[in-house]
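For reference, the structure is listed below as structure tokens.
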Amino acid sequence: MELLILAIMVTIGYFAGSHAEKTHYASIIEREKAFTKLPTTNLKHPPQDPREVEWAQLVNGNAVMAVDYFKLFVASLRNMFGGRMSAYESVIDRARREATLRMQEMARKQGADMIINLRIETASIGGGTAGQKNGLPSIEAMVYGTAVRYRR
Amino acid sequence: MVFVPKEPPAATENVNVSPNHPLHEFLILLGGLAGVLFLVWLLLGLAVDWIVPNLDPRAESQLATIYRPLLEVGDASPTTQTGSRALQIELDQLLALQFPDKAKRPAYFVHLHSDEDVNALALPGGHILVLSGLLAQAESENELLFVLGHELGHLIHRDHLRGLGRSLVMYTLANALFGNQNFVSGMAENSLRNLQLSFSRGQESAADQLGLALLVKKYGHAGGATVFFERLAKQEKSPRFLSYLTTHPHPQERVEQLQALIQAQAYAIKPTQPLSKALKANLAASQEHNPDGQSEKD
Ligand SMILES: [Zn+2]
């Protein structure tokens, strides 16, 4: 019985998870294309520019990405044998890119010309942290940087 | 430094995500897990084959505590108690024949269980469980003794422990691998409780051989040995016999094997003896107790 429930959860996880991943990646790539005109770097200072900096402002973006049962199952099998945890790679990648996009969205709304000093933090939520004992792990990516606007 | 806008890479060119299909990895890992489990299972199975012949009788009786509720049900009513006692006398006689040296004679117990199914089981701890349905359809003492001797053969050969050992191995294996109370150990415990004690063909014919030898030792002839199985073969479709058929090989096959054995050993076949008075009285009482012949089990 429990085996059947597990099989159902893993199957749902696989189909729902891969569908969500596909649509999310399509959306990520589309928005990243829209933001190609907003330079985002991890340089400490803005590159040399004849214009004067009008203002600088902290901007940030957050995204929490859940792990489905299929990925969890594959990952727990992977834990037995070791090796690349490829089941989680796309989750991390999507969380980081989604958070970056949100930060860029914030900067765009403020009218920034570029973002410098980009930093990325990750944390896991659930799965033994944040007071949850047996929760499913989720991955949080937190991206922050300095938005700069030139005087024009 | 000049800023040159660049488009993001396509999804298939993402360097941060492995390009292989998730199902591919899933299947490889699952295959690896199955391989590891099979290997450990095989090794522990070998360990069981080594442990079973060397198991301490005290450890065995400790194991039997799992089945205590079942044995207590068998002892519940006074009518089955007298029946158990009558069967115990028969069993003790068989034991005396098999182990003439009293110091080496093991303590085995027989219990009568009120149940309309026709079956007898060998349980850990040296217990034989006889269902009253077996008594009800028996016509002679000889055939009853043969069935008893057959189950005794399982106990002497420790087949019951071997059958249990596999489930026990699975139980310990699952507990060690996945921690306490996981679905695999739950399943293993269920199978321990459900007494899936079906023996191999070789174990069954070895038990049959011992039963036959004891029958000849007691009565001086092999009459009645095949009667029970001949009846079983005829009434194969009857639901009462279903339980025996699921735990034992096909009766026709056993009749043929037994007849070949009887011929090989040149055993005589003489008329059988009717059931003893004590068992008959018990039969009448249990039918009185249970007039429709309906099972008391739920
Ligand atoms: Zn048997």
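The values are calculated or read from the model by the stated rules, or taken from the named source; none is laboratory data. All figures in this text were calculated on a predicted structure; none of them were measured in a lab. A quick note on method: Cβ atoms are made from the backbone with ideal geometry, for glycine too, and the neighbour counts reach across all protein chains shown.
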Practice task
Pairs only if they're at least six apart or on different chains, beta carbon under 9 angstrom, first in region B:142-160 and in contact (Cβ under 8 Å) with a residue 40 or more places away in the chain, second of a type in the set (Val, Ile, Thr) and within 12 Å of the ligand (Cβ to nearest atom); list them, first residue then second.
Solution key: B:LEU148/B:ILE128; B:GLU151/B:ILE128; B:LEU152/B:ILE128; B:HIS154/B:ILE128; B:LEU155/B:ILE128
Practice task
Would you be able to say whether some residue in region B:105-118 is buried (at least 24 other Cβ atoms within 10 Å of the Cβ) and within 16 Å of the ligand (Cβ to nearest atom)?
Solution key: yes
Problem - Restricting region B:31-88 to residues that are loosely packed, with under 13 Cβ neighbours inside 10 Å and aromatic (Phe, Trp, Tyr), the residue that is modelled with the lowest pLDDT - result: B:TRP50
Exercise for the section: Give just the number: which of (1) farther than 17 Å from A:SER27 by Cβ; (2) assigned to a helix (DSSP H, G or I) does A:ALA99 not satisfy? Expected result: (1)
Completion exercise
The number of residues in region B:1-19 that are within 20 Å of A:VAL74 (Cβ to Cβ) and more than 7 Å from chain A (Cβ to nearest Cβ) is 1
Practice task
Evaluate the following for B:PHE199: is it modelled with pLDDT under 75 and surrounded by 18 or more Cβ atoms within 10 Å (Cβ to Cβ)?
Solution key: yes
Problem - The lone exception for B:LEU164 - which of (1) in a helix (DSSP H, G or I); (2) surrounded by fewer than 22 Cβ atoms within 10 Å (Cβ to Cβ); (3) modelled with pLDDT under 85 it fails - result: (2)
Exercise for the section: Take region A:58-75 and flag every residue that is assigned to a helix (DSSP H, G or I) and more than 9 Å from chain B (Cβ to nearest Cβ). Expected result: A:TYR69, A:LEU72, A:ALA75
Handout entry: Search result, residues across region A:14-57 that are part of a loop (DSSP other than H, G, I, E, B), facing chain B (nearest Cβ under 8 Å) and either touching a residue at least 40 places away in the same chain (Cβ under 8 Å) or within 20 Å of A:ARG97 (Cβ to Cβ) (or both)
Key = A:THR36, A:LYS37, A:PRO39
Handout entry: Positions within region B:122-143 being of a type in the set (A, V, I, L, M, F, W, C), modelled with pLDDT of 80 or more and touching a helix residue (DSSP H, G or I) at 6+ places or on another chain (Cβ under 7 Å), in sequence order
Key = B:ALA122, B:ILE128, B:LEU129, B:VAL130, B:LEU134, B:LEU135, B:ALA136, B:ALA138
Fill in the blank from the handout: Going through (1) free of Cβ contacts under 8 Å to residues at least 60 places away in the same chain; (2) touching a helix residue (DSSP H, G or I) at 6+ places or on another chain (Cβ under 7 Å) one by one, B:LEU95 fails only at (2)
Exercise for the section: Restrict the check to region B:251-266 and report whether at least one residue is closer than 22 Å to B:GLU139 by Cβ, more than 16 Å from the ligand (Cβ to nearest atom) and surrounded by 18 or more Cβ atoms within 10 Å (Cβ to Cβ). Expected result: yes
Exercise for the section: Starting from residues that are facing chain B (nearest Cβ under 7 Å) and of a type outside the set (D, E, K, R), keep the ones in region A:77-98 and report whichever is surrounded by the most Cβ atoms within 10 Å (Cβ to Cβ). Expected result: A:ALA87
Practice task
Collect the residues in region B:202-238 that are within 13 Å of the ligand (Cβ to nearest atom) and either in contact with a Pro (Cβ under 9 Å, 6 or more places away or on another chain) or among the small types (Gly, Ala, Ser) (or both), keeping them in residue-number order.
Solution key: B:GLY202, B:GLU204, B:SER205, B:ALA206, B:ALA207, B:GLY211, B:PHE228, B:PHE229, B:LEU232
